[in-house]
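I have placed the structure first, in the form of structure tokens, so that the comments after it can refer back to it.
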């Protein structure tokens, strides 16, 4: 490592110093990739050099919602987004310290502990990789290592098809879904009918999360986003408060040839 990363914990720096890097080729590599994923990442022209981790224990603030209104809980949306950004940036910082070109197989998890109902740990984990082709730049336009939540198989397929990952992009929206009035409840009881306030609330919340993810893709100058996941979780806020989280990998072409190899039939010999 050639730079001083004061934001990283001392034990993280000690761990990174033992990993394989440009200045330490005798170090060991670590990876949370499966064996197949590891081999396919190498087949794509990249060498895994180490697992990288970012973490943030975050206090999530309080926001009161109107019982009868569909509305975004902006305080909570901002908290969920900022905490994930902190975890991601620290993971990227570890990758930068290793001299990595990117991080593959990134996963973002949210965990809660008994320390408090409003506390949560946001953690980002992935495998830092370096390209064997030093003539090509695989970093983002800001000079940071690329990040991707694609599996090793999908990463290999993407590269073979003439694209490369730029950055994980995400959007978050915490939304309060209005309660039904007694009149609405009685009117729909025993009936097959749509509940427009619920439909509109969930529709709006998903759209906000997707729109924010797309905005991040525009900012990194991507052509598109692959592997998009749209997750819905309540995180213990109550039955009428839900988070929609959109995440995917922004990509850009590296060649004009995007032909896909013809699939081959494989006969398994397993019992």
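The values are calculated or read from the model by the stated rules, or taken from the named source; none is laboratory data. None of these values were measured; they are calculated from a predicted model. We place every Cβ from the backbone using ideal geometry, glycine too, and count neighbours over all the protein chains shown.
Determine which single condition residue 49 fails, assuming it passes every other condition in (1) part of a strand (DSSP E or B); (2) modelled with pLDDT of 85 or more; (3) touching a helix residue (DSSP H, G or I) at 6+ places or on another chain (Cβ under 8 Å); (4) crowded, with 20+ Cβ neighbours inside 10 Å.
The one condition residue 49 does not meet is (3).
Mind telling me which of the residues 169, 125, 130 ends up being touching a strand residue (DSSP E or B) at 6+ places or on another chain (Cβ under 7 Å), at pLDDT 95 or above, under 24 Å from residue 252 (Cβ atoms) and not in a helix (DSSP H, G or I)?
None of the others qualify; the one that does is 169.
At pLDDT 90 or above and within 18 Å of residue 131 (Cβ to Cβ), is that true of residue 54?
Working: at pLDDT 90 or above: yes; within 18 Å of residue 131 (Cβ to Cβ): no.
Criteria not met by residue 54.
Considering region 86-113 alone, what residues qualify as being under 19 Å from residue 12 (Cα atoms), out of contact with any strand residue (DSSP E or B) (no Cβ under 6 Å at 6 or more places or on another chain) and either at pLDDT 90 or above or outside any helix (DSSP H, G or I) (or both)?
Listed by number, the residues that qualify are 89, 92, 93, 96.
Taking region 20-46 as the search range and keeping residues that are crowded, with 16+ Cβ neighbours inside 10 Å and at pLDDT below 70, which one is farthest from residue 153 (Cα to Cα)?
Among those that are crowded, with 16+ Cβ neighbours inside 10 Å and at pLDDT below 70, it is 24.
Can you give me the number of residues within region 134-148 that are more than 13 Å from residue 216 (Cβ to Cβ) and in contact with a strand residue (DSSP E or B) (Cβ under 6 Å, 6 or more places away or on another chain)?
Final tally of qualifying residues: 4.
Being assigned to a strand (DSSP E or B) and either at pLDDT below 80 or at negative phi (or both) narrows it down to one residue among 230, 202, 267; which is it?
230
Tell me yes or no: at least one residue of region 209-225 is part of a strand (DSSP E or B), modelled with pLDDT of 90 or more and within 18 Å of the chain's Cα centre (by Cα).
Here is the first cut: in region 209-225, the ones part of a strand (DSSP E or B) are 224-225.
Narrowing further to those that are modelled with pLDDT of 90 or more: 224-225.
Still in the running and within 18 Å of the chain's Cα centre (by Cα): 224-225.
Checking region 209-225: at least one residue is part of a strand (DSSP E or B), modelled with pLDDT of 90 or more and within 18 Å of the chain's Cα centre (by Cα).
Among the numbered criteria (1) touching a helix residue (DSSP H, G or I) at 6+ places or on another chain (Cβ under 9 Å); (2) closer than 26 Å to residue 203 by Cβ; (3) surrounded by fewer than 19 Cβ atoms within 10 Å (Cβ to Cβ), which one does residue 60 miss?
The single condition residue 60 does not satisfy is (3).
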